[in-house]
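In what follows, a structure is listed as structure tokens, so that the remarks can point back to it.
The values are calculated or read from the model by the stated rules, or taken from the named source; none is laboratory data. Source: prediction; values computed, not measured. Note that we place each Cβ from the backbone using ideal geometry, even for glycine, and neighbour counts take in every protein chain shown.
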Amino acid sequence: MTTKILVTDDISSAGIDVLSTLPDATVDVQTGLSPSELLVAIADADALVVRSQTTVTEQVIAAAKRLKVIGRAGVGVDNIDLEAATRRGILVINAPDGNTIAAAEHTFAMMISLARHIPAANRDLLAGNWNRKKWVGVELRGKTLAILGMGRIGTEVAKRAKVFGMTVLGYDPFLTEDRAQSLGVQKSDLDSAIRAADFITVHTPLTKETHHMIDAGKIAMMKEGVRIINCARGGIIDERALADALRLGKVAGAAIDVFESEPLALDHPLRQCENVILTPHLGASTVEAQENVAIQVAEEIVQVLRDDTFEHA
Ligand code: NAD
Ligand code: MLT
């Protein structure tokens, strides 16, 4: 019987090329499937490859009769029911570092855009105006940046912030004093970090502990005029509380790439706020990162399926 590898989100063709090297395998690319279409497509698949659009629920896993491995071309696996997969003995693999630089650079682009009003000034100019006074910004140099989550991406953001002359506070239960020192980062607890910061950026996974880690109560502790960035996962920040704080001016600006529900609803309150920069989950969207994660995950899948064929030979 041939091996079927089902790919349900757009991944770089470099990854498809790697998957196609597996002998006797068909690579079936079906993107934009409805939940019921996914249940049909998954039934005879040996491997599934996704990014963040496909939600791999318990029901999807139950419908998969031959599934051995799920590959996530990216970092976050919060769109996959890991418990259900584990119960069925299905391996879940990701590509943990292929898009680190892309996400860190997007975070920095967001931070600078916020500080200098670049998207708003651009819109204003294109509308025919020349408002040099309206768009006076702030410098990053001398400002305090709180990084919540000092893993791969948080660390790369910290390195860049140091070059810009920022004071960096790092909050992460796994950040050691030695590591913080070597990065020039001050290890901090959550409340101290957010109280002191001019800019706050989140880089944790979305878990039960990090869900709404930034809520109305935490926003109340922050400085007037703080600026907040989320290029990690929707749900780490309470979006409604953020929208309220933006409207009241407590938060001077927010740059958000990821949302509790994607795509972002047309009537979402963040869309009504003037001082926001919103991008449609673009953190990992560079040519380089997409090639990296697609190749990384495809190579692992080929390895798993090869080993499986070998075991059953
Ligand atoms: P990572 O695993 O390297 O780092 C995450 C860090 O968060 C770890 O150091 C961990 O100790 C820390 N952490 C976990 N729980 C915490 C908590 N309760 N409080 C404080 N720190 C906590 O992951 P990464 O590669 O740096 O990715 C970070 C996030 O960025 C993930 O949510 C990932 O899905 C997301 N991401 C988004 C994009 C995008 O397109 N916007 C791209 C890549 C990654
Ligand atoms: C990730 O977690 O890697 C990101 O969400 C990137 C993506 O898949 O777009």
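Annotations for the structure displayed:
- Odd one out for Gly235, checked against (1) part of a helix (DSSP H, G or I); (2) at positive phi: (1)
- Trp135 being surrounded by fewer than 14 Cβ atoms within 10 Å (Cβ to Cβ), more than 16 Å from ligand 2 (Cβ to nearest atom) and free of Cβ contacts under 8 Å to residues at least 40 places away in the same chain: no
- Scanning segment 37-95 for residues that are farther than 21 Å from Arg152 by Cα, of a type in the set (S, T, N, Q) and either surrounded by 23 or more Cβ atoms within 10 Å (Cβ to Cβ) or within 16 Å of ligand 1 (Cβ to nearest atom) (or both) yields Gln53, Thr54, Thr55.
- Residue check: Thr107 meets all listed conditions (1) closer than 20 Å to Asp10 by Cβ; (2) buried (at least 23 other Cβ atoms within 10 Å of the Cβ); (3) within 13 Å of ligand 2 (Cβ to nearest atom) but one, namely (1).
- Some residue of segment 75-89 being at pLDDT 95 or above, small (Gly, Ala, Ser) and closer than 13 Å to Ala298 by Cα: no
- The single residue among Leu266, Leu246 that is hydrophobic (A, V, I, L, M, F, W, C), in a loop (DSSP other than H, G, I, E, B) and more than 16 Å from ligand 1 (Cβ to nearest atom) turns out to be Leu266.
- Residues of segment 6-51 satisfying the condition of being under 22 Å from Ala63 (Cβ atoms), β-branched (Val, Ile, Thr) and over 25 Å from the mean Cα position of the chain (by Cα): Thr26, Val27, Val40, Ile42
Conditions tested, residue by residue: (1) of a type in the set (A, V, I, L, M); (2) surrounded by fewer than 17 Cβ atoms within 10 Å (Cβ to Cβ); (3) farther than 21 Å from His281 by Cβ; (4) in contact (Cβ under 8 Å) with a residue 12 or more places away in the chain.
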{"residue": "Thr155", "(1), (2), (3), (4)": "no, no, yes, yes"}
{"residue": "Lys162", "(1), (2), (3), (4)": "no, yes, yes, yes"}
{"residue": "Pro173", "(1), (2), (3), (4)": "no, yes, yes, no"}
{"residue": "Ser182", "(1), (2), (3), (4)": "no, yes, yes, no"}
{"residue": "Ala232", "(1), (2), (3), (4)": "yes, no, no, yes"}
{"residue": "Ala245", "(1), (2), (3), (4)": "yes, no, yes, yes"}
{"residue": "Leu248", "(1), (2), (3), (4)": "yes, yes, yes, no"}
{"residue": "Glu262", "(1), (2), (3), (4)": "no, yes, no, yes"}
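- Inside segment 212-230, residues that are under 16 Å from the mean Cα position of the chain (by Cα), away from ligand 2 (no atom under 16 Å from the Cβ) and either free of Cβ contacts under 8 Å to residues at least 24 places away in the same chain or within 21 Å of Leu282 (Cα to Cα) (or both) make up a count of 1.
- Qualifying positions in segment 92-104 - over 19 Å from Asn230 (Cβ atoms) and either modelled with pLDDT under 95 or near ligand 2 (Cβ under 9 Å from one of its atoms) (or both): Asn94, Ala95, Pro96, Gly98
- The numbered conditions (1) within 16 Å of ligand 2 (Cβ to nearest atom); (2) over 30 Å from Val60 (Cα atoms); (3) among the β-branched types (Val, Ile, Thr); (4) assigned to a loop (DSSP other than H, G, I, E, B) are all true for Val77 except (2).
- Any hit, segment 76-83, residues being of a type in the set (S, T, N, Q) and in contact (Cβ under 8 Å) with a residue 12 or more places away in the chain: yes
- Segment 192-211, residues that are within 23 Å of the chain's Cα centre (by Cα), under 21 Å from Gly249 (Cα atoms) and either free of Cβ contacts under 8 Å to residues at least 24 places away in the same chain or away from ligand 2 (no atom under 16 Å from the Cβ) (or both): Ala193, Ile194, Ala197, Asp198, Phe199, Ile200
- Single condition Pro119 does not satisfy, out of (1) modelled with pLDDT under 95; (2) part of a helix (DSSP H, G or I): (1)
- Test: residue in segment 58-74 that is of a type in the set (Val, Ile, Thr), within 17 Å of the chain's Cα centre (by Cα) and closer than 24 Å to Gly234 by Cβ: no
- Within segment 271-295, tally of residues that are in a helix (DSSP H, G or I), under 18 Å from the mean Cα position of the chain (by Cα) and more than 11 Å from ligand 2 (Cβ to nearest atom): 3
- Residue within segment 3-24 that is part of a helix (DSSP H, G or I), in contact (Cβ under 8 Å) with a residue 40 or more places away in the chain and of a type in the set (Val, Ile, Thr) present: yes
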